[in-house]
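Okay, structure first, notes after.
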Amino acid sequence: MLYNVLAAADKTRAVPIGEAALYALLGFLIVFAGIALLIGVVWAVGKVMVAMKNKEKQSKPIVKELAPAPTVVASNDNEVDDETVAVIMAALMAYYQANNPKCEFTVKRIKRI
């Protein structure tokens, strides 16, 4: 019945249902192949990026030893001297740099307990 309605609406050319099904199947296969190709490209780019990150991580020198921290006594019991804060931050950054190179660690305040 639907075929008759469609054929009556378009008198110039009536497409048989088998041919329409073939066109639909061909369209589905082309779309599926395109999506599979995109997934493959994204997967390959991800693998390349991971390989480049690992290569960069291996080529960076890792700080093994730190210079001993100078002992500076602050004038106030609740505050720490700026040099001590800088030394603590440098030690923490060296530690986190070995574990996570993208770490954006920042010390905002150091307070004696």
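The values are calculated or read from the model by the stated rules, or taken from the named source; none is laboratory data. Only a predicted model underlies this, so the values are computations on that prediction, with no experimental measurement involved. Ideal geometry is used to build each Cβ from the backbone, glycine not excepted, and the neighbour counts take in all protein chains shown.
Annotations for the structure displayed:
- Boolean, Gly46 is exposed (fewer than 10 other Cβ atoms within 10 Å of the Cβ) and at pLDDT 75 or above: no
- Some residue of the range 64-87 being surrounded by 10 or more Cβ atoms within 10 Å (Cβ to Cβ), modelled with pLDDT of 70 or more and hydroxyl-bearing (Ser, Thr, Tyr): yes
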